[in-house]
């Protein structure tokens, strides 16, 4: 019997930038290879997904009248119901790990599943660690035993999960093939993940077509500051960063996001440059230091471009990402509580003056740039599908 050469592939994700953005390049490559890709997500993602060439399908029964936070809470069940309705017509399901019912749902539909990790590969030990270090955010589920058991039992009933413990569902009910958007050398407890089932493909680097950034104003080494959604609304924190580097022999590029206006930060020192948005990959190529909140995608991009980091984490996986950066000598991490400008300046100076940080991240850069990325994921999935009856 002849093997199929073109597959109908269903992708599903939740409407969180850090979880959806890395997967868009995979959708695009699968389309370029001649496969039919349908991607389920919230309506806000339609234009980005359609630019990949994939067919976009919005969630069924997704409320318009709720707040953005409330809608995101509803996204798990909305995504689940949409896949359940249409999934049987596809050759496989590709899902990102935050959509934890993915494997159980694919089994229910009797189609193969493939899982993507935008954070570290996860097992029960790492999830428990996230619970202890991640603050009162999503990962706190794994900090409080009573909450974990209560919520897990409810989730098992709602999504027909294999286990009545969410950590076990994520750790044990796993697809045959799992792909993680980092290098194995950066993975926590890498030796606990079977290389036959967990592949480390490096960061998802899909450079958009955008005009070149104007670097002519910057005469000194560049320090690039970009913080996550929980910190980029903090005027006081940005002021600390500005104070730390005012009149220092560095060019400071700060990406503010859309929550803070430049006027709120007062008069700028001559060496500090504020932007609402910058093309991050272009900046990381040139920067000598990246001050970041420790989002996994940003950290992996810094590794890919060989830029040492000063990480100031907030919550979820960020504290553990920051610790990994420090432990592997890719940079340093600081706790944000009671942080003062002098501490920020001193940590930055340490990284910039000690060439061992740069040398270490250049070693990781070589690994990341040859890890395969979304191209390797696409090729591996298609090769695996061709072995299916």
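The values are calculated or read from the model by the stated rules, or taken from the named source; none is laboratory data. Every value quoted in this text rests on a predicted model; they were computed, and no experiment measured them. Counting neighbours? That spans all protein chains shown, and the Cβs are built from the backbone with ideal geometry, glycine included.
Only one of (1) within 18 Å of residue 380 (Cβ to Cβ); (2) in contact with a strand residue (DSSP E or B) (Cβ under 8 Å, 6 or more places away or on another chain); (3) assigned to a loop (DSSP other than H, G, I, E, B) is not met by residue 116, so which one is it?
Here residue 116 meets the rest and fails (3).
Just checking, which of 322, 371 is part of a helix (DSSP H, G or I) and modelled with pLDDT of 95 or more?
Going through 322, 371 in turn, just one is part of a helix (DSSP H, G or I) and modelled with pLDDT of 95 or more: 322.
Please state which one of 362, 352, 339 is more than 30 Å from residue 4 (Cβ to Cβ) and part of a loop (DSSP other than H, G, I, E, B). Break it down into steps so the answer makes sense when it comes.
Values: 362 fails: part of a loop (DSSP other than H, G, I, E, B); 352 fails: part of a loop (DSSP other than H, G, I, E, B).
Residue meeting the stated conditions: 339.
May I ask you to list the residues in region 271-305 that are surrounded by 20 or more Cβ atoms within 10 Å (Cβ to Cβ) and not in a helix (DSSP H, G or I)?
Answer for region 271-305, where residues must be surrounded by 20 or more Cβ atoms within 10 Å (Cβ to Cβ) and not in a helix (DSSP H, G or I): 272, 287, 289, 290, 291, 292, 293, 294, 295, 305.
Checking residue 66 against (1) outside any loop (DSSP other than H, G, I, E, B); (2) at pLDDT below 95, which test does it fail?
Every listed condition holds for residue 66 apart from (1).
Could you give every pair whose Cβ atoms fall below 8 Å, whose first residue belongs to region 1-20 and is farther than 16 Å from residue 82 by Cβ, and whose second residue is at pLDDT 95 or above and surrounded by fewer than 14 Cβ atoms within 10 Å (Cβ to Cβ), counting only separations of at least 6 or pairs across chains?
3/386; 4/386; 5/34; 6/34
With at pLDDT 95 or above and within 15 Å of residue 194 (Cβ to Cβ) as the only criterion, which of 116, 177, 161 stands out? Steps first, please.
Values: 116 fails: within 15 Å of residue 194 (Cβ to Cβ); 161 fails: within 15 Å of residue 194 (Cβ to Cβ).
That would be 177, the only listed residue that is at pLDDT 95 or above and within 15 Å of residue 194 (Cβ to Cβ).
Determine which member of the set 146, 179 is assigned by TED's automatic domain parsing to the domain that holds residue 380, within 27 Å of residue 382 (Cβ to Cβ) and not in a loop (DSSP other than H, G, I, E, B). Break it down stepwise before answering.
Working: 146 fails: within 27 Å of residue 382 (Cβ to Cβ).
Exactly one of 146, 179 is assigned by TED's automatic domain parsing to the domain that holds residue 380, within 27 Å of residue 382 (Cβ to Cβ) and not in a loop (DSSP other than H, G, I, E, B), namely 179.
What number goes with the only condition from (1) farther than 18 Å from residue 354 by Cα; (2) free of Cβ contacts under 8 Å to residues at least 40 places away in the same chain that residue 327 does not pass?
Against the list (1) farther than 18 Å from residue 354 by Cα; (2) free of Cβ contacts under 8 Å to residues at least 40 places away in the same chain, residue 327 comes up short only on (1).
Yes or no, residue by residue, for (1) closer than 21 Å to residue 19 by Cα; (2) touching a strand residue (DSSP E or B) at 6+ places or on another chain (Cβ under 7 Å):
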residue	(1), (2)
303	yes, no
318	yes, no
326	no, yes
354	no, no
358	no, no
384	no, yes
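Would you be able to say whether some residue in region 51-58 is buried (at least 21 other Cβ atoms within 10 Å of the Cβ) and in contact with a helix residue (DSSP H, G or I) (Cβ under 6 Å, 6 or more places away or on another chain)? Before you say what the answer is, go through the steps one by one.
Filtering region 51-58 down to residues buried (at least 21 other Cβ atoms within 10 Å of the Cβ) leaves 52, 54.
Now drop any that are not in contact with a helix residue (DSSP H, G or I) (Cβ under 6 Å, 6 or more places away or on another chain), which leaves 52, 54.
Yes, region 51-58 contains a residue that is buried (at least 21 other Cβ atoms within 10 Å of the Cβ) and in contact with a helix residue (DSSP H, G or I) (Cβ under 6 Å, 6 or more places away or on another chain).
Test residue 47 against the criterion of being within 22 Å of residue 374 (Cα to Cα), at pLDDT 95 or above, part of a loop (DSSP other than H, G, I, E, B) and in contact with a strand residue (DSSP E or B) (Cβ under 9 Å, 6 or more places away or on another chain), and give yes or no. Before the answer, list the steps.
Working: within 22 Å of residue 374 (Cα to Cα): yes; at pLDDT 95 or above: yes; part of a loop (DSSP other than H, G, I, E, B): no; in contact with a strand residue (DSSP E or B) (Cβ under 9 Å, 6 or more places away or on another chain): yes.
It is false that residue 47 is within 22 Å of residue 374 (Cα to Cα), at pLDDT 95 or above, part of a loop (DSSP other than H, G, I, E, B) and in contact with a strand residue (DSSP E or B) (Cβ under 9 Å, 6 or more places away or on another chain).
Just one of 85, 115, 184 is more than 17 Å from the chain's Cα centre (by Cα) and in the same structural domain as residue 25 (by TED's automatic domain parsing); which is it? Quick ask: steps written out before the conclusion?
Details: 115 fails: more than 17 Å from the chain's Cα centre (by Cα); 184 fails: more than 17 Å from the chain's Cα centre (by Cα).
Within the list 85, 115, 184, the selection yields 85.
Residue-wise test of (1) in contact (Cβ under 8 Å) with a residue 60 or more places away in the chain; (2) out of contact with any strand residue (DSSP E or B) (no Cβ under 8 Å at 6 or more places or on another chain); (3) more than 29 Å from residue 300 (Cβ to Cβ); (4) assigned by TED's automatic domain parsing to the domain that holds residue 35.
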{"position": "63", "(1), (2), (3), (4)": "no, yes, yes, yes"}
{"position": "68", "(1), (2), (3), (4)": "no, yes, no, yes"}
{"position": "89", "(1), (2), (3), (4)": "yes, no, yes, yes"}
{"position": "121", "(1), (2), (3), (4)": "yes, no, no, yes"}
